[in-house]
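Participant: Let me give you the structure first, and then I'll get to my questions.
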Amino acid sequence: MEHAGSLTGLDVEPLALEVARRNVPGAAFVEGSVFELPFADGSFDAVTMFEVLEHIPVGTEREAFAEIARVLAPGGALMLTTPSWTLRSRLLDPAWLLTGHRHYRASDVVEMLGVSELRTERTVVRGGWVYVATYLTFYFCKHVLHRAMPHPDWLKRAYLRSTLSPGFATMYVLARKTGLRATPSSTPPRR
């Protein structure tokens, strides 16, 4: 929060919001859907969508992006992550093998963003074997042991280091709402 004027989180799941409130004091949290964001047009300078795209209903991605574009101020940024379509990423993801957990090609995400007022500035694929080990451990803890995955500091550091190098697991996308940013005197307060 040290770099943001304010933070607002949104989730459709009340339990997830309870966890978020405990872990991010000082932020506002709202129950809602990405398809009907309960915010005014142009309310935010930035929106993040980390590991969400693959969980919304198939074929609704463009609708979600249009709603995100609506709440972004002109020039505002959307930062998202989603599983990459690389062969290794899919074959090493038990959820893809068992349930068809979606992975995306960069060209498909760029095309979906382009139908809204969002223009892609950058896509990169990061994360390798540490990512794989982390999500395999997560699945094992959740579905076999039925308990939360431990998060030792060394694992957090290794995971974050892996985001700095090219990889195969996760696609990072930066898109920006087209249009000129309003002058500070005419900009309404941000949430």
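Participant: Report yes if Glu36 is at pLDDT 95 or above and exposed (fewer than 12 other Cβ atoms within 10 Å of the Cβ), otherwise no.
Facilitator: Yes; evaluated as a whole, the condition is true for this residue.
Participant: Looking at (1) in contact with a strand residue (DSSP E or B) (Cβ under 9 Å, 6 or more places away or on another chain); (2) loosely packed, with under 15 Cβ neighbours inside 10 Å; (3) under 18 Å from Trp85 (Cα atoms); (4) at pLDDT 90 or above, which is the one condition that is false for Asp108?
Facilitator: Going through the list (1) in contact with a strand residue (DSSP E or B) (Cβ under 9 Å, 6 or more places away or on another chain); (2) loosely packed, with under 15 Cβ neighbours inside 10 Å; (3) under 18 Å from Trp85 (Cα atoms); (4) at pLDDT 90 or above, Asp108 breaks only (1).
Participant: Answer yes or no: is there a residue in the stretch 41-52 that is charged (D, E, K, R), surrounded by fewer than 17 Cβ atoms within 10 Å (Cβ to Cβ), at pLDDT below 95 and closer than 21 Å to His101 by Cβ.
Facilitator: Among the residues of the stretch 41-52, at least one is charged (D, E, K, R), surrounded by fewer than 17 Cβ atoms within 10 Å (Cβ to Cβ), at pLDDT below 95 and closer than 21 Å to His101 by Cβ, which makes the answer yes.
Participant: For the stretch 14-31, which residues satisfy the criterion of being in contact (Cβ under 8 Å) with a residue 12 or more places away in the chain and loosely packed, with under 14 Cβ neighbours inside 10 Å?
Facilitator: Matches in the stretch 14-31: Pro14, Val24, Gly26, Ala28, Val30, Glu31.
Participant: Is it the case that the stretch 82-98 has a residue that's of a type outside the set (A, V, I, L, M, F, W, C), at pLDDT 95 or above and farther than 24 Å from Phe138 by Cα?
Facilitator: Within the stretch 82-98 (the criterion being of a type outside the set (A, V, I, L, M, F, W, C), at pLDDT 95 or above and farther than 24 Å from Phe138 by Cα), the answer is no, since none of the residues qualifies.
Participant: Select from the stretch 161-191 the residues that are modelled with pLDDT of 85 or more, surrounded by 12 or more Cβ atoms within 10 Å (Cβ to Cβ) and hydroxyl-bearing (Ser, Thr, Tyr) and list them in ascending order.
Facilitator: Those that are modelled with pLDDT of 85 or more, surrounded by 12 or more Cβ atoms within 10 Å (Cβ to Cβ) and hydroxyl-bearing (Ser, Thr, Tyr): Ser162, Thr163, Thr170, Tyr172, Thr178.
Participant: Just checking, does the stretch 138-160 include any residue being assigned to a loop (DSSP other than H, G, I, E, B), in contact with a helix residue (DSSP H, G or I) (Cβ under 9 Å, 6 or more places away or on another chain) and buried (at least 18 other Cβ atoms within 10 Å of the Cβ)?
Facilitator: So far as the stretch 138-160 goes, no, none of its residues is assigned to a loop (DSSP other than H, G, I, E, B), in contact with a helix residue (DSSP H, G or I) (Cβ under 9 Å, 6 or more places away or on another chain) and buried (at least 18 other Cβ atoms within 10 Å of the Cβ).
Participant: Output the qualifying pairs, or none if there are none: Cβ atoms under 6 angstrom, residues six or more apart or on different chains, first residue in the stretch 93-110 and within 16 Å of Glu51 (Cβ to Cβ) and of a type in the set (Phe, Trp, Tyr), second residue modelled with pLDDT of 90 or more and surrounded by 16 or more Cβ atoms within 10 Å (Cβ to Cβ).
Facilitator: That search, which allows pairs on different chains as well, returns Trp96/Arg90; Tyr104/Thr82; Tyr104/Trp85.
Participant: Under 6 Å between Cβ atoms, which residue pairs at least 6 apart in sequence (or on different chains) link something in the stretch 156-171 that is in contact (Cβ under 8 Å) with a residue 12 or more places away in the chain and under 23 Å from Arg90 (Cβ atoms) with a partner that is among the charged types (D, E, K, R) and surrounded by 11 or more Cβ atoms within 10 Å (Cβ to Cβ)?
Facilitator: Between residues of the stretch 156-171 that are in contact (Cβ under 8 Å) with a residue 12 or more places away in the chain and under 23 Å from Arg90 (Cβ atoms) and residues that are among the charged types (D, E, K, R) and surrounded by 11 or more Cβ atoms within 10 Å (Cβ to Cβ), the close pairs are Thr163/Arg126; Gly167/Arg126; Phe168/Arg88; Thr170/Arg126.
Participant: Restricting to the stretch 50-76, what's the tally of residues that are more than 16 Å from Ser116 (Cα to Cα) and either within 12 Å of the chain's Cα centre (by Cα) or acidic (Asp, Glu) (or both)?
Facilitator: Here is the first cut: in the stretch 50-76, the ones more than 16 Å from Ser116 (Cα to Cα) are 50-52, 54-58.
Within this subset, residues satisfying the condition of being either within 12 Å of the chain's Cα centre (by Cα) or acidic (Asp, Glu) (or both) are 50-52, 54-56.
Residues flagged as more than 16 Å from Ser116 (Cα to Cα) and either within 12 Å of the chain's Cα centre (by Cα) or acidic (Asp, Glu) (or both) within the stretch 50-76 amount to 6.
The values are calculated or read from the model by the stated rules, or taken from the named source; none is laboratory data. This one's a predicted model, so the numbers in the text were calculated from it and none came from an experiment. Using ideal geometry, Cβ is built from the backbone for each residue, glycine included, and neighbour counts are taken over all protein chains shown.
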